[in-house]
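A.B. asks: Mind having a look at this structure? Questions to follow.
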């Protein structure tokens, strides 16, 4: 029986250049940043020794919630900033996280992007469209491989990866 070609890992299809916000950015600055760059969310990082250490993730939803509360209930004290409204413990993956484990995270959780982190340092980001493209490429390679047979994969490896999530 033929072996299935190993699926790719995050490091092969992640976006390495990531626009980020810092914890001190005001709510207005974060909103302007998201709108300017046409992003629905962004990693929040502390910059130390020229490395971006992931401390959270902020989304349009977070900003909408904070803005509506501030407008409806009045100005908060202290003023809202990225640090006060971000998700402090986002789901993260490592560069070596396997494609099917990432698919499982995307289909099981309501996230649009996953930060790729190693030792707390933000290395990149993977979006749902990155995963869709990687899956389609992997599928094409399997279908066009004349040695490919329809067979079941050993799911024990996938199941183990499925629940290994780095929450750096």
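The values are calculated or read from the model by the stated rules, or taken from the named source; none is laboratory data. Quick caveat: nothing in here was measured; it's all calculated off a predicted structure. All Cβ positions, even for glycine, are placed from backbone atoms using ideal geometry, and neighbour counts span all protein chains on display.
A.B. asks: Please go through segment 87-106 and give me each residue that is surrounded by fewer than 18 Cβ atoms within 10 Å (Cβ to Cβ) and within 26 Å of residue 64 (Cα to Cα), ordered by number.
C.D. replies: If the condition is that a residue be surrounded by fewer than 18 Cβ atoms within 10 Å (Cβ to Cβ) and within 26 Å of residue 64 (Cα to Cα), then 87, 88, 89, 91 are the ones that fit.
A.B. asks: If a residue must be surrounded by fewer than 21 Cβ atoms within 10 Å (Cβ to Cβ), free of Cβ contacts under 8 Å to residues at least 40 places away in the same chain and within 17 Å of residue 115 (Cβ to Cβ), how many such residues does segment 42-58 contain?
C.D. replies: Number satisfying all stated conditions: 4.
A.B. asks: Specify the residue that is surrounded by the most Cβ atoms within 10 Å (Cβ to Cβ); the eligible residues are those in segment 18-36 that are in contact (Cβ under 8 Å) with a residue 40 or more places away in the chain, within 20 Å of the chain's Cα centre (by Cα) and not in a helix (DSSP H, G or I).
C.D. replies: 21
A.B. asks: So is residue 67 modelled with pLDDT of 95 or more, surrounded by fewer than 20 Cβ atoms within 10 Å (Cβ to Cβ), over 13 Å from the mean Cα position of the chain (by Cα) and farther than 17 Å from residue 115 by Cβ or not?
C.D. replies: No: the conditions fail for residue 67.
A.B. asks: Here is a check on your reading of the model: is residue 57 touching a strand residue (DSSP E or B) at 6+ places or on another chain (Cβ under 9 Å) and over 19 Å from residue 111 (Cα atoms)?
C.D. replies: no
A.B. asks: If you don't mind, another one. Looking at (1) without any contact (Cβ under 8 Å) to a residue 40 or more places away in the chain; (2) in a loop (DSSP other than H, G, I, E, B); (3) exposed (fewer than 15 other Cβ atoms within 10 Å of the Cβ), which is the one condition that is false for residue 39?
C.D. replies: Just one mismatch for residue 39, condition (3).
A.B. asks: For residue 78, are the conditions met, namely being part of a loop (DSSP other than H, G, I, E, B) and either in contact with a strand residue (DSSP E or B) (Cβ under 7 Å, 6 or more places away or on another chain) or surrounded by fewer than 19 Cβ atoms within 10 Å (Cβ to Cβ) (or both)?
C.D. replies: For residue 78, the condition - part of a loop (DSSP other than H, G, I, E, B) and either in contact with a strand residue (DSSP E or B) (Cβ under 7 Å, 6 or more places away or on another chain) or surrounded by fewer than 19 Cβ atoms within 10 Å (Cβ to Cβ) (or both) - is met.
A.B. asks: Okay, moving on. Check whether at least one residue in segment 2-22 is at pLDDT 95 or above and over 17 Å from residue 113 (Cβ atoms), and report yes or no.
C.D. replies: Scanning segment 2-22, I find at least one residue that is at pLDDT 95 or above and over 17 Å from residue 113 (Cβ atoms), so the answer is yes.
A.B. asks: Within segment 109-127, work out how many residues are free of Cβ contacts under 8 Å to residues at least 60 places away in the same chain and closer than 17 Å to residue 49 by Cα.
C.D. replies: Result for segment 109-127: 2.
A.B. asks: Could you please let me know if residue 106 is within 30 Å of residue 135 (Cα to Cα), modelled with pLDDT of 90 or more and assigned to a helix (DSSP H, G or I)?
C.D. replies: Criteria met by residue 106.
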